[in-house]
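*Asks:* Got a structure for you, written out below as structure tokens; questions coming shortly.
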2 protein chains.
Amino acid sequence: MSQYRTFTAADAVEYAREFGGVDDPASLSEAQEIGDGNLNLVFKIFDRQGKSRVIVKQALPYVRCVGESWPLTLDRARLEAETLTEHYKYCPQHTVKVTHYDPQLAVMVMEDLSSHRIWRGELVKGAYYPQAAAQLGEYLAQTLFHTSDFVLHPHQKKAEVARFINPEMCEITEDLFFNDPYTDHARNNYPQALEPLAASLRTDDALKIAVAGLKHRFFAHAEALLHGDIHSGSVFVADNSLKAIDAEFGYFGPIGFDVGTALGNLLINYCGLPGLLPPREAAEGRELRLNDVREVWNTFAARFLALAEAKTSDVALAYPGYAQAFLRKVWADTIGYCGTELIRRTVGMSHVADMKLIKDEAMRTECIRSCITLGRTLILAADHVEDVDALIARIRQAG
Amino acid sequence: MSQYRTFTAADAVEYAREFGGVDDPASLSEAQEIGDGNLNLVFKIFDRQGKSRVIVKQALPYVRCVGESWPLTLDRARLEAETLTEHYKYCPQHTVKVTHYDPQLAVMVMEDLSSHRIWRGELVKGAYYPQAAAQLGEYLAQTLFHTSDFVLHPHQKKAEVARFINPEMCEITEDLFFNDPYTDHARNNYPQALEPLAASLRTDDALKIAVAGLKHRFFAHAEALLHGDIHSGSVFVADNSLKAIDAEFGYFGPIGFDVGTALGNLLINYCGLPGLLPPREAAEGRELRLNDVREVWNTFAARFLALAEAKTSDVALAYPGYAQAFLRKVWADTIGYCGTELIRRTVGMSHVADMKLIKDEAMRTECIRSCITLGRTLILAADHVEDVDALIARIRQAG
């Protein structure tokens with residue numbers, strides 16, 4: 001058994017030679033650290049021809065972007081590897097393949113996805129991947145259905161809930177999504193001009209009660225094994241391909257949290273586009289994002305219902321009409337969690353390129369304002385939006 | 001460490017001498033097996049003066065009323081002892097005290113409650129305990145609030161959910177509550193004359209979809225550490241005293257399941273009284289039961305809200321108005337689970353004295369019919385009953 005040590009590039013190459021599963025390990029010669037996230041080291045391992053061959057990812061024992069003052073469990077590497085492995089079982093076409101995991105080093109080896117690009121980066125540039133929304137809907141349906149009570153034996157479900165208990169990563173979400181943006185917290189980060197808007201969130205009774213409900217359901221509703229952080233930066237895309245990565249927030253939670261996070265990041269892009277692209281391209285891009293929102297939900301819902309009809313093993317949940325009734329609750333949760341994603345990415349600490357890359361400060365402020373306002377609208381309306389077309393109508397109305 | 005063996009009365013006496021915690025162990029001389037339940041041996045241990053001093057309860061490795069062909073985990077003794085111990089922490093006045101537990105023998109030692117009587121037996125005789133309903137509401141509020149996300153630290157809550165995972169006992173509920181009565185199952189047991197009524201449950205779309213939702217929430221909603229079987233046979237009463245016992249179904253589930261089970265058994269008595277007592281006493285008894293229903297809910301809700309206001313540690317859930325909003329969902333669950341309790345005790349296999357002791361067969365059939373009909377009404381109405389007065393109006397309307 002190896003003891004934990006932080007990898008250097010040379011360590012990563014050596015590790016990839018031993019555990020990378022490549023045919024010609026001796027050819028692996030170089031590592032480039034590409035981790036742009038907040039929590040981990042990510043090494044791309046190249047061979048002597050300069051071709052990237054595998055990824056070596058190591059969890060750090062603290063939050064990378066904050067430093068050693070914010071320690072964080074290494075067990076999240078296990079949770080990520082095991083979540084991705086479960087999701088790969090049910091949706092190999094849209095889940096990165098984990099080929100090796102070492103609990104002592106908190107290291108995993110994964111397939112190289114250099115042929116892909118991070119979806120957020122593409123969305124920010126105005127690049128369009130017409131199949132991505134449907135593929136993300138497929139990923140959500142396959143992974144969430146197959147880890148739900150519809151299909152897992154009740155004994156297995158309970159054991160899986162215990163296996164995926166993830167207190168420290170859940171706590172980050174509990175704080176950053178549901179607490180900080182609705183209080184006057186030092187971690188919050190928004191333009192000074194939006195102080196009145198941000199302050200108004202803290203005293204909006206209906207909003208705070210709705211957010212409390214969303215947090216409570218995040219605590220208590222163990223519906224399926226979530227990805228837990230399926231934003232557009234956790235998704236690789238290429239022509240006709242989509243792969244989910246970065247599942248260290250995986251745990252059994254409400255299905256609408258994953259679907260809402262996915263839709264939320266499309267809507268953050270929708271709100272940011274007027275600041276990122278010239279007016280005409282921005283307007284076209286916004287229409288594409290609304291189509292993406294429709295496509296993610298419609299594909300998710302249609303595939304989930306088809307799976308429920310074909311594969312539900314629980315005799316009560318299999319009754320015709322129940323899956324539809326359940327999806328109506330998932331839909332309401334989806335809109336609510338989508339709204340919290342819009343707000344935590346603008347009022348809270350974790351900002352994204354869709355807003356950060358807007359160069360004009362006044363424009364950036366207005367894009368952030370529209371994102372916060374839309375987030376609030378969605379949280380408040382969550383129980384009263386008939387369907388995805390009604391949702392899109394509300395989004396257009398919100399500006 | 002002792003190995004499991006089934007206790008004889010002599011074993012139970014010897015065990016009580018060693019672990020009973022009495023001042024004069026040598027005086028313990030005799031044991032009487034009083035287990036009338038389906039799952040366990042229960043010994044009352046007497047001293048030489050013929051006074052009962054402690055209870056020794058041992059789990060059997062199979063369902064007692066069925067036999068060794070239905071094996072059942074001995075771990076349920078741990079789950080019972082630990083659930084009662086947790087509940088005792090928060091509501092010592094209404095929880096039986098467990099003084100010793102032995103995992104190898106699946107044995108626990110508990111305080112003797114010979115001064116008390118099982119509530120169901122009293123209800124069947126028409127004996128009234130005016131404080132019992134409020135005390136049961138207090139027990140439900142204290143135990144369910146203090147084991148909920150309102151007050152447990154999120155890390156502790158998740159660890160507790162794992163500690164109380166209870167697959168085998170939950171499976172009994174999953175089958176007997178939510179499957180059997182709504183299918184043509186060999187375990188079902190109802191008067192032949194009610195075949196058309198029972199058959200109609202199996203094809204009532206709205207009912208089956210509602211029951212699927214209740215089962216799904218029983219699977220997935222880890223709101224608090226439930227007693228899991230808090231019917232009137234799990235409750236001891238005496239003048240101004242009430243004690244909950246028999247918590248081997250304890251697990252983290254929906255709060256409305258416990259509250260609904262409690263109300264359900266009061267309503268089973270309500271439905272049975274016309275067959276148990278002369279008309280005038282029956283009518284008076286029924287009014288008392290409706291008062292009990294009101295009192296259980298009102299006490300539970302008022303105490304839960306007072307605890308939420310005074311002791312909520314989660315900053316989001318503490319927002320004024322949230323606990324009230326949450327209790328509206330608990331109320332809907334309560335009515336639904338109450339309905340499933342009425343049906344599983346009449347159509348399903350586990351019958352109770354409130355019906356079994358009705359001597360006149362035609363009358364018994366009519367009482368059972370009214371119970372099934374009321375159960376169906378409640379399940380279908382669960383989301384649309386404004387408050388406890390509206391519930392009582394519906395119960396009167398149902399006949």
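*Asks:* Calculate the dipole size of the protein assembly as shown relative to its Cα centre from +1 charges on Lys and Arg beta carbons and -1 charges on Asp and Glu beta carbons; express the result in debye to the nearest 20.
*Replies:* Values: 82 positive and 106 negative charges, 160 e Å.
Charge dipole of the protein assembly as shown: 780 debye, to the nearest 20.
*Asks:* Would you work out the charge dipole size for segment A:117-398 about its Cα centre, treating the Cβ of every Lys and Arg as +1 and the Cβ of every Asp and Glu as -1, and quote it to the nearest 20 debye?
*Replies:* Details: 29 positive and 36 negative charges, 36 e Å.
Computed charge dipole of segment A:117-398: roughly 180 debye.
*Asks:* Name the residue farthest towards the positive end of the dipole of chain A from the options A:LEU242, A:ILE372, A:VAL124, assuming +1 on Cβ of Lys and Arg, -1 on Cβ of Asp and Glu, about the Cα centre.
*Replies:* My answer, from the dipole projection, is A:ILE372.
*Asks:* A further question on this structure: Throw me the Rg/Rh for segment B:72-231, computed over C-alpha atoms with Kirkwood Rh, two decimals. Could you put the intermediate results ahead of the total?
*Replies:* Working: Rg = 18.7 Å, Rh = 18.5 Å.
Across segment B:72-231, the Cα-based Rg/Rh ratio is 1.01.
*Asks:* Here's something else I'd like to know. What is the distance in Å between the Cα centres of segment A:212-277 and segment B:162-181?
*Replies:* The two parts, judged by their Cα centres, are 32 Å apart.
*Asks:* Shifting gears a bit: Anyone know which of A:ILE118, A:ILE209, A:ILE268 comes out most mobile in the 10 Å Cα GNM of chain A?
*Replies:* Answer for the Gaussian network model of chain A: A:ILE209.
*Asks:* Of the DSSP beta bridges with both residues in the protein assembly as shown, give the percent that are antiparallel, rounding to the nearest 5.
*Replies:* Values: 65 of 67 bridges.
Expressed as a percentage, antiparallel bridges in the protein assembly as shown total about 95.
*Asks:* Please compute the modelled spin-label separation between A:ASP204 and A:ASP387, points set 7 Å along Cα→Cβ, answer in nm with one decimal.
*Replies:* Going from the A:ASP387 label point to the A:ASP204 one covers 2.8 nm.
*Asks:* Okay, moving on. Among A:LEU391, A:LEU277, B:LEU378, which comes first, second and so on when ranked by fewest other beta-carbon atoms within 10 Å?
*Replies:* Details: A:LEU391 24, A:LEU277 17, B:LEU378 29.
The fewest-first ordering by Cβ neighbours comes to A:LEU277, A:LEU391, B:LEU378.
*Asks:* Under unit Cβ charges (Lys, Arg +1; Asp, Glu -1), what dipole magnitude, rounded to 20 debye, does segment B:9-111 have relative to its Cα centre? Don't skip to the answer; put the middle values down first.
*Replies:* Working: 11 positive and 16 negative charges, 45 e Å.
Here segment B:9-111 has a charge dipole of around 220 debye.
*Asks:* Would you mind ranking A:HIS87, A:HIS227 so that the residue whose beta carbon has the fewest other beta carbons within 10 Å leads the list? Could the numbers behind the result be given before it?
*Replies:* On the way: A:HIS87 26, A:HIS227 31.
Least crowded to most crowded, the residues run A:HIS87, A:HIS227.
*Asks:* May I pose another question? Can you give me the span-like helices of chain A, meaning DSSP H runs with 24 Å or more of Cα extent along the axis and Kyte-Doolittle mean at or above 1.0? Write down the numbers at each step before the final one.
*Replies:* Numbers: long enough: A:255-276 (32 Å, 1.05); A:279-311 (47 Å, -0.49); A:322-344 (33 Å, 0.10); A:361-381 (30 Å, 0.55).
Those that pass (Cα extent of 24 Å or more, hydropathy at least 1.0) are A:255-276.
*Asks:* Next up: Take the residue pairs A:LYS215/B:LYS243; B:LYS215/B:LYS359; A:LYS243/B:LYS157; A:LYS97/B:LYS158; B:LYS329/B:LYS356; A:LYS243/A:LYS329 and return only those whose Cα atoms are more than 31 Å apart.
*Replies:* Details: A:LYS215/B:LYS243 34 Å; B:LYS215/B:LYS359 34 Å; A:LYS243/B:LYS157 33 Å; A:LYS97/B:LYS158 29 Å; B:LYS329/B:LYS356 34 Å; A:LYS243/A:LYS329 27 Å.
The answer is A:LYS215/B:LYS243; B:LYS215/B:LYS359; A:LYS243/B:LYS157; B:LYS329/B:LYS356.
*Asks:* Placing a label point 7 Å from Cα toward Cβ, how far apart in nm is A:HIS185 from its equivalents in the other copies, listed shortest first to one decimal?
*Replies:* 4.4
*Asks:* Sort largest first and round to whole Å: the equivalent ellipsoid semi-axes of segment A:259-399, each the square root of five times a Cα gyration tensor eigenvalue. Kindly include the intermediate steps, with their values, before the conclusion.
*Replies:* Working: eigenvalues 207, 42, 31 Å².
Whole-Å semi-axes of the equivalent ellipsoid: 32, 14, 12.
*Asks:* If r is the Cβ-Cβ distance from B:ASN291 to A:LYS311 and R0 is 45 Å, what FRET efficiency results, to the nearest 0.05?
*Replies:* Working: r = 48 Å, r/R0 = 1.07.
That gives a FRET efficiency of 0.40.
*Asks:* If each residue's Cβ is checked for other Cβ atoms within 10 Å, how do B:VAL259, A:VAL315, B:VAL96 rank with the fewest at the top? Before the final figure, lay out the partial values.
*Replies:* Working: B:VAL259 29, A:VAL315 15, B:VAL96 23.
Listed from fewest to most nearby Cβ atoms, that is A:VAL315, B:VAL96, B:VAL259.
*Asks:* Once Rh for the protein assembly as shown is found with the Kirkwood sum over Cα pairs, what is the Stokes-Einstein diffusion coefficient at 37 °C and 0.692 mPa s, in µm²/s?
*Replies:* 115
*Asks:* Please list, short to long, the whole-number percent of alpha-carbon pairs of segment B:101-173 in consecutive 5 angstrom bins beginning at zero.
*Replies:* For segment B:101-173, the pair-distance distribution reads 3, 11, 11, 14, 19, 20, 14, 7, 2, 0.
*Asks:* Now for a separate question. What per residue convex hull volume, in Å³, comes out for segment A:82-127 when only alpha-carbon positions are used?
*Replies:* Values: hull volume 4.7 nm³, N = 46.
Spread over its residues, the Cα hull of segment A:82-127 gives 102 Å³ apiece.
*Asks:* Next up: Could you give me the radius of gyration and the Dmax of segment A:1-102, taking only the C-alpha atoms into account and expressing both in angstrom?
*Replies:* So, for segment A:1-102, Rg and Dmax equal 14.2, 41 Å respectively.
*Asks:* Here's a follow-up. Please compute the volume of the convex hull spanned by the alpha-carbon atoms of chain A and report it per residue in Å³. Before the final figure, lay out the partial values.
*Replies:* Working: hull volume 56.5 nm³, N = 399.
Residue-normalised Cα hull volume stands at 142 Å³.
*Asks:* Now, a different point. Taking just the C-alpha trace of segment A:133-220, give me its Rg and Dmax in Å.
*Replies:* Every Cα atom of segment A:133-220 included, Rg and Dmax give 17.7, 53 Å.
*Asks:* Label-to-label distances across copies for B:GLN104, with labels 7 Å out along Cα→Cβ, in nm, shortest first?
*Replies:* 3.5
*Asks:* Using just the C-alpha positions of segment B:346-399 as equal point scatterers, what log10 of I(q)/I(0) does the Debye formula give at each q in 0.19, 0.22, 0.27 1/Å?
*Replies:* Log10 I(q)/I(0), no solvent term: -0.73, -0.87, -1.04.
*Asks:* In segment B:181-338, if every C-alpha pair distance is counted and binned at 5 Å from zero, what percent goes to each bin?
*Replies:* Values per bin, smallest distances first: 2, 8, 12, 16, 19, 18, 13, 7, 4, 2, 0, 0.
*Asks:* Could you work out the mean count of beta carbons from other protein chains within 10 Å of each residue's beta carbon in B:139-149? Spell out each step's value before the answer.
*Replies:* Working: counts 0, 0, 0, 0, 0, 0, 0, 0, 0, 3, 7.
Counting other chains' Cβ atoms within 10 Å and averaging over B:139-149 gives 1.
*Asks:* Let me ask another. Can you give the helix-only mean residue ellipticity at 222 nm for chain B, where every DSSP H stretch with n ≥ 4 adds -39500 (n - 2.57) and the sum goes over all residues, rounded to the nearest 500 deg cm²/dmol? Write down the numbers at each step before the final one.
*Replies:* Values: 14 runs with 207 residues, N = 399.
It comes out at -17000 deg cm²/dmol, rounded to the nearest 500.
*Asks:* To continue, here is another question. Counting only other chains, and only Cβ atoms inside 10 Å, what mean value do you get across the residues of B:173-182? Spell out each step's value before the answer.
*Replies:* Values: counts 0, 5, 3, 0, 1, 4, 3, 0, 0, 3.
Other-chain Cβ atoms within 10 Å of each residue's Cβ, averaged: 2.
Only the coordinates and a few stated rules stand behind these numbers; no lab work does. Keep in mind that what you see is a predicted model, and the values were worked out from it rather than measured. Heads up, the Cβs are rebuilt from the backbone with ideal geometry, glycines too, and the neighbour counts pull from every protein chain shown.
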